[in-house]
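Structure first, then comments.
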Amino acid sequence: MRPGCAIVFAALALGVAACGSDDGGGSSATTSSGARLKGKIAVLLPDSKSSDRWETADRRFFVEAFQRAGLAKDDYLISNAEGDAVTQRSQAEQAISEGAKVILLVNLDPGSGAAIIDSAKAQGVTMVDYDRLTVGGHADYYVSGDATEAGRLQ
């Protein structure tokens, strides 16, 4: 697993464990560590054209991490906006309506990303900027890879 994904998953697990209410609504799961999660986790990927890594690497790493943590397939959502900011906003809204309490966002641009973050946070969703900082978006967390190490390895 990529180091950035491990960090993201830890942030997501902590955020989801802290979210939700005990009203019986929404989904819940027990992770392999025994933590009780309420709600879903959504990952919003940007596209397939700027880099195929979003689908060939990141999606796979997230699925593997979620499965290792004991999450069922319906406890998480992974969507790809294919370069369309309107689609990504719609995917965020759909994820929230399906019970997402944490959204990990790779924004398409700072403006659309900030709008998604603001809207989601207004609904009590924990937001994580992944790989791309959303300037002006005020996400709860920002996680990215080690660019210095990536350069050294290349």
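Overview of results
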{"quantity": "For ARG68, solvent-accessible area (1.4 Å; no DNA, RNA or ligand), Å²", "calculated": "130 Å²"}
{"quantity": "Cross-link reach list, aspartates and glutamates versus LYS73, counting only Cα pairs under 13 Å and skipping chain neighbours closer than eight places", "calculated": "GLU64"}
{"quantity": "Förster radius 41 Å - calculated FRET efficiency between THR56 and GLN123 (Cβ-Cβ, nearest 0.05)", "calculated": "0.80"}
{"quantity": "Whole-Hz couplings from phi, Karplus 6.51/-1.76/1.60, listed for region 114-126; x for Gly and Pro", "calculated": "4, 5, 5, 4, 4, 5, 5, 5, 5, 9, x, 8, 7"}
{"quantity": "Residue-span extension gain [GLN67 to THR148] - 0.36 nm each, minus C-alpha spacing", "calculated": "26.2 nm"}
{"quantity": "Heavy-atom accessible area order for SER97, SER112, largest first, 1.4 Å probe", "calculated": "SER97, SER112"}
{"quantity": "Most to least accessible of ASP52, ASP58 (protein chains only, probe 1.4 Å)", "calculated": "ASP52, ASP58"}
{"quantity": "Quotient of C-alpha Rg and 2.2 N^0.38 Å, computed over region 26-154", "calculated": "1.04"}
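The values are calculated or read from the model by the stated rules, or taken from the named source; none is laboratory data. All values reported here derive from a predicted model rather than from experimental measurement. So basically every Cβ, Gly included, is an ideal-geometry build from the backbone, and we count neighbours across all protein chains shown. Note: areas computed on protein heavy atoms with side chains; ligands, DNA, RNA excluded. Shrake-Rupley method; radii C 1.70, N 1.55, O 1.52, S 1.80 Å.
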